[in-house]
Amino acid sequence: MDYAIQQMVNALSFGAEYALLALGLAIVFSVMGLVNFAHGDVIAVGGYTMVAFAAIVTANPWIVILGAIVAAALTSVLLERVAFRPVRYADPTTGLLTAFGVSIVLQNLFLLFVSPRPIAVTSLYFMDVPIEMFGVQVSSLQLLESVTTVLVIVGLTLFLNRSVWGLAMRAASLDFEMVRLMGIRANRVFALAFLISGLLAGLACIFIMARRGSVDPHLGFNPVLKAFVACVVGGFGSLPGAVLGGFLLGAVEVGMLVLLPQEYGGMKDAFVFGIIALILVWRPNGILSPAVEKGDKL
Amino acid sequence: MLDIRNLKVLYGPIEAVHGISLRVEEGQCVTLLGPNGAGKSSTISAICGVAKATGDITFLGQDLLGTEIEDRVRAGISVSPEGRRIFSNLSVEANLQLGAGIRTDRDGIEADIDHWFTTFPILGERRTQSAGTLSGGEQQMLAIARALMAKPKILLLDEPSLGLAPRIVGQIFDMIEQLKSEGMTILLVEQNARQALRISDYAYLLNTGTIQAEGTTATLGQNDELMAKLTGLG
């Protein structure tokens, strides 16, 4: 029984992390139809900022964390300004290639100017302590991660439903030109989407760094891949889909870890992606893919 | 108020409007009539900044060509576009809130939303419902109300009667007439010539991207041959 609960907690916290990552991709995609593969490298920027802050400024973990979040958010907004704005209204493949380009450039900057080797960040060790809850051993990190993701989901939902800017972002996902025809500035809507995406990357960065304890130039690759898979499963462009896809991916991964016999352990990912493929056979556009019709055009 | 000279509208290499000139004076309702593909909607798109255009578009003495879509709205131009294009994934109320996206007077926005919900009780009953669930006529009313939420100086209406039942068309035109009597300046694009001429002061007849005829609605109304053509009875 304890084992089962333990694994459920694992699935939940993995899922929470994937949901956080997937939301970062989905919010940009929903507004501008861009799959931002540089999202992972924004996370890496957060990681390197932690290194820099811990080495130069202070070892106070809260300041290090704040620094990482701010750096990730600013990087994201800056990337929109210099890299994605010029291709904003271009073909989606142009945006996709731009994102790959940005990702490669950032990774090479880390390689050239920092180091190809992993650099340890010790400031976040305190976040990962085992605690006992209802007789089950859980890690404080897992708990923090799940709670943070829930708060993010609640916050985003409120923002997207209550504030005019949130409404504008949702409207933009349907008909961006019409949003501009309301006099709402496209530049602000895009910048806001990237700001939120960057904040989410910053939050994800904290948990990834707390778990790994080090940063290297390819830190962002695995997270962005998971986020992409979660978005595809949930339905690209749908924010609830991103959350659902994230939690589903977490559950499937942990399920495979638990169910697969030891000798097949190395094939975990093959089984995970096999199940994902089956889900896509069932729902080719993802489980919660947004409806394709764009209002009634006559 | 709105002065257009030698306007050419381009879609890539294709020119949809070949150098037309038209004027809308303050408080007037001016109609662009003409068959499908005449260039009416292209003209509206050019005024909004959605379509590429050359020539002169002057609004309240300000040259509009080369300015962004958003700045034209802020200058006082609002549009209820062809096909209505309401935000079907948002609530009726949210559509109106976005219409007021350039305003900052919270109380005024609230009051205006309430005004529309009183004017069209059906919209009020469905304020929290997704706008995509409204009927075509209700969506058209919402689209016009949304455009007016920006407190425009001129309202562009692109085919507001398209695809609606005759009874609903009558309601929409009553609404436009009401707006006109309240002093709103209107540029209307219509295929329903009879209804459009009933409420407008001046009209232009477009065909294949050029102006074929123009005049006050009284003069045009006396031209039997033209009227027969326009109302499809000729």
Mind counting the residues in region B:169-192 that are assigned to a helix (DSSP H, G or I) and either touching a His at 6+ places or on another chain (Cβ under 7 Å) or of a type outside the set (A, V, I, L, M) (or both)?
-> 8
B:ILE47 vs. criteria within 10 Å of chain A (Cβ to nearest Cβ) and either more than 18 Å from A:ALA172 (Cβ to Cβ) or modelled with pLDDT under 95 (or both) = no
Check region A:168-178 and report whether any residue there is within 14 Å of chain B (Cβ to nearest Cβ), assigned to a loop (DSSP other than H, G, I, E, B), open to solvent by 20 Å² or more (accessible area, probe 1.4 Å) and over 21 Å from A:GLY24 (Cβ atoms).
-> no
Within the group A:ALA270, A:ALA204, A:ALA277, A:ALA186, which residue is farther than 17 Å from A:ALA22 by Cα and in contact with an Asp or Glu (Cβ under 8 Å, 6 or more places away or on another chain)?
-> A:ALA186
Pairing a residue in region B:72-86 that is basic (Lys, Arg) with any residue that is open to solvent by less than 10 Å² (accessible area, probe 1.4 Å), where Cβ atoms lie under 6 Å and the two sit 6 or more apart in sequence or on different chains, gives B:ARG72/B:LEU64; B:ARG74/A:GLY183; B:ARG84/B:GLN140; B:ARG84/B:ALA143; B:ARG85/A:MET178
List the number of the failed condition for A:SER13; all other conditions in (1) among the hydroxyl-bearing types (Ser, Thr, Tyr); (2) open to solvent by 20 Å² or more (accessible area, probe 1.4 Å); (3) over 30 Å from A:LEU96 (Cβ atoms) hold.
-> (2)
Assuming B:GLU190 fulfils every condition listed in (1) among the charged types (D, E, K, R); (2) crowded, with 21+ Cβ neighbours inside 10 Å; (3) within 11 Å of another protein chain (Cβ to nearest Cβ) apart from one, which condition is it?
-> (3)
Do we find a residue being in contact with a strand residue (DSSP E or B) (Cβ under 8 Å, 6 or more places away or on another chain) and open to solvent by less than 10 Å² (accessible area, probe 1.4 Å) anywhere in region A:26-38?
-> no
Across region B:72-119, which residue is farthest from the other protein chains (Cβ to nearest Cβ) among those that are open to solvent by less than 60 Å² (accessible area, probe 1.4 Å) and acidic (Asp, Glu)?
-> B:ASP112
A:GLY237 is checked against (1) more than 24 Å from A:THR49 (Cβ to Cβ); (2) open to solvent by 30 Å² or more (accessible area, probe 1.4 Å); (3) in a loop (DSSP other than H, G, I, E, B) and fails just one. What number does that condition carry?
-> (2)
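Is it the case that A:LEU225 is at pLDDT below 95 and assigned to a loop (DSSP other than H, G, I, E, B)?
Numbers: at pLDDT below 95: yes; assigned to a loop (DSSP other than H, G, I, E, B): no.
When the stated conditions are applied, A:LEU225 does not pass them.
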When B:ILE144 is run through (1) over 26 Å from A:SER30 (Cβ atoms); (2) open to solvent by 10 Å² or more (accessible area, probe 1.4 Å); (3) not assigned by the TED database to the domain that holds B:ILE44, the failure sits at (2)
Among the residues of region B:218-234, is there at least one that is touching a Leu at 6+ places or on another chain (Cβ under 8 Å), among the hydroxyl-bearing types (Ser, Thr, Tyr) and touching a residue at least 12 places away in the same chain (Cβ under 8 Å)?
-> no
Please identify the pairs in which a residue from region B:124-140 that is within 11 Å of chain A (Cβ to nearest Cβ) and under 16 Å from B:GLY163 (Cα atoms) has its Cβ atom under 9 Å from the Cβ atom of a residue that is among the β-branched types (Val, Ile, Thr) and part of a helix (DSSP H, G or I), counting only partners at least 6 apart or on another chain.
-> B:LEU134/B:VAL92; B:LEU134/B:ILE122; B:SER135/B:ILE122; B:SER135/B:ILE168; B:GLY136/B:ILE168; B:GLN140/B:ILE168; B:GLN140/B:ILE172
Please tell me if B:THR67 is of a type in the set (Ser, Thr, Tyr) and either surrounded by 18 or more Cβ atoms within 10 Å (Cβ to Cβ) or away from every other protein chain (no Cβ under 14 Å) (or both).
-> no
Restricting to region A:154-163, what's the tally of residues that are in contact with a helix residue (DSSP H, G or I) (Cβ under 6 Å, 6 or more places away or on another chain) and surrounded by 17 or more Cβ atoms within 10 Å (Cβ to Cβ)?
-> 1
Would region A:190-210 turn up any residue that is under 22 Å from A:PHE84 (Cα atoms), without any contact (Cβ under 8 Å) to a residue 60 or more places away in the chain and not in a helix (DSSP H, G or I)?
-> no
From the set of residues in region B:145-168 that are assigned to a helix (DSSP H, G or I) and within 13 Å of chain A (Cβ to nearest Cβ), which is nearest to the chain's Cα centre (by Cα)?
-> B:ALA147
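The values are calculated or read from the model by the stated rules, or taken from the named source; none is laboratory data. A quick note: this is a predicted structure, and the numbers were derived from the prediction, not measured. For neighbour counting, all protein chains shown are included, and Cβ atoms are generated from backbone atoms with ideal geometry for every residue, glycine included. We work out accessible area using only protein heavy atoms, side chains counted, and drop any ligands, DNA or RNA first. Shrake-Rupley method; radii C 1.70, N 1.55, O 1.52, S 1.80 Å.
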